[in-house]
Amino acid sequence: MLVSILIPFKNTEKYLEECLLSIINQSYKNWEVLAVNDYSTDSSAEIVARFANIDKRIKLYSNKGNGIIEALRTAYSLSTGHLITRMDSDDIMKENRLEVMASSLKKYGKGHLAVGQVRYFSHRGISNGYERYEQWLNHLTKTGDNYSEIYKECVIPSPCWMTYREDLDDCGAFTPDRYPEDYDLTFRFYENNFKCIPCNQILHMWRDYDTRTSRTSEHYAQNYFLDIKLHYFLKLDYDPKKVLTVWGAGSKGKEIAKGLKKRNIDFYWLCDNPKKIGKEIYGKEMHHFSLLTEFKNPQSVITVANEDAQKMIRAYLTKLEHKTLVDFFFFC
């Protein structure tokens with residue numbers, strides 16, 4: 001089966017050659033690259049053109065719109081493969097990535113999503129935060145339980161998934177103008193119940209550097225992530241017949257509270273801070289979390305970031321026989 005590899009790129013001349021070479025050296029040979037130039041001002045387009053002249057499977061196009069979503073739409077509209085995957089122009093594929101993913105999809109069939117483990121790399125070393133994210137993501141991918149913590153963070157790495165064209169079409173492909181686009185697509189995979197195929201291999205090398213898009217673009221700021229989480233929670237998992245509670249009054253809790261109030265959705269605001277209990281924020285009184293026991297079948301959104309506190313909250317809710325992704329949802 002032909003695999004279409006969609007590559008939006010903008011000013012990544014330092015890394016493009018290494019990226020394209022990692023694709024050319026794949027053990028799986030039946031692929032095409034749709035590389036879309038998003039108004040680069042460096043030599044990126046010339047580098048892709050040089051590779052395209054050497055290998056006809058590589059095709060260079062210009063973005064029909066502006067930005068990464070439009071570039072993905074452009075690439076997808078020109079693709080012909082039965083299987084679709086993304087690639088970041090500054091990253092590197094392990095040589096068996098396409099083979100592992102295509103074989104997995106052929107084995108499991110439609111309605112499935114091939115994912116792979118990732119490894120961050122950088123000339124300066126990886127921060128503790130990225131290292132922990134990598135470990136967390138790979139732990140989920142190893143068992144295919146990616147959706148179990150979908151409201152925490154993007155659980156499917158944008159450059160390391162593959163699916164059938166028909167399945168991608170069924171979930172809207174790159175139609176929505178909603179950032180971060182990779183997290184939005186992950187939620188639509190979840191919405192359509194695509195099963196993640198477990199993978200215990202590192203298939204993708206994820207490059208970190210100061211000017212990478214996820215570090216510099218406003219579209220990847222924390223408020224965008226919270227907006228997407230709340231949007232899909234209310235669409236997919238929220239039960240308006242149940243009492244809704246929000247745990248935590250930090251910056252994330254306040255953003256969620258503002259989002260709920262904007263949508264005229266009522267909720268109880270819970271915390272364990274004696275300095276805040278009984279006071280009002282945005283016109284909502286803060287209550288001690290023990291108030292939860294007075295509600296029948298409530299739903300809870302937890303915005304508390306401290307890991308030790310999260311463990312305590314999870315233990316408390318489990319003791320009350322509340323179930324994750326049904327009765328409670330960790331938003332961080």
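Each reported figure results from applying straightforward, stated rules to the coordinates on display, with no laboratory input. Worth saying up front: this structure is predicted, and the values here are computed from it rather than measured. Glycine also receives a Cβ, built like all others from the backbone with ideal geometry; neighbour counts cover every protein chain displayed.
What the table shows:
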quantity	calculated
Mean separation of Cα contacts under 8 Å, 6 or more apart, over the residue count of the chain: relative contact order %	15
Using alpha-carbon coordinates, inclination of helix 307-319 to the longest axis of the chain, degrees	60
Whole-Hz couplings from phi, Karplus 6.51/-1.76/1.60, listed for region 103-115; x for Gly and Pro	5, 5, 5, 5, 6, 8, x, 5, x, 10, 10, 7, 10
5 angstrom amide H check on I58, placed H, neighbours 5+ away	V33
For region 1-140: rounded, prolate or oblate by the Cα gyration tensor [a/c cutoff 1.5]	oblate
Whole-angstrom Cα spans of region 237-330 along principal axes, big to small	31, 29, 22
Per-peptide average of other Cβ atoms within 10 Å, ordering 110-121, 82-93 highest first	82-93, 110-121
From phi via Karplus (6.51, -1.76, 1.60), per-residue ³J(HN,Hα) for region 143-149 in Hz, x at Gly/Pro	10, x, 8, 4, 6, 4, 10
In degrees, nearest ten, helix 222-232 long axis to first principal axis of the chain (Cα)	80
Dipole magnitude of the chain about its Cα centre (Cβ charges: Lys, Arg +1; Asp, Glu -1), debye to nearest 20	580
Sorted peptide list for 151-164, 270-283, criterion being average Cβ within 10 angstrom, highest first	151-164, 270-283
Mean-position separation - Cα centroids, region 265-332 and region 169-183, in angstrom	31
Vicinal HN-Hα couplings computed from phi for region 274-290 (Karplus, 6.51 cos²θ - 1.76 cosθ + 1.60; Hz; Gly/Pro x)	x, 6, 9, 4, x, 8, 10, 10, 6, x, 10, 6, 8, 10, 5, 4, 5
Estimated inter-spin distance, T293 and E46, nm [label 7 Å along Cα→Cβ]	7.2
Cα convex hull of region 130-193, projected area averaged across orientations, nm²	4.5
Extreme residue, positive dipole direction of region 3-220, given options P159, N146, I23 (C-beta unit charges)	I23
Placed amide H near H204: partners under 5 Å, 5+ positions off or other chain	K94, R119
Descending Cα extents along the principal axes, region 40-88, whole Å	26, 25, 17
Computed over the chain, Kirkwood Rh from alpha-carbon pairs, angstrom	21.3
For D42, distant residues with modelled amide H under 5 Å away	N11
Helical mean residue ellipticity (222 nm; -39500 (n - 2.57) per DSSP H run of 4+; nearest 500) of the chain	-10500 deg cm²/dmol
Folded to 0 to 90 degrees: helix 44-54 orientation relative to the chain principal axis, Cα	50
25 Å Cα-Cα threshold exceeded, pairs from K242/K284; K262/K311; K14/K106; K152/K254; K56/K142; K29/K106	K262/K311; K14/K106; K56/K142
Mean-position separation - Cα centroids, region 70-124 and region 231-258, in angstrom	33
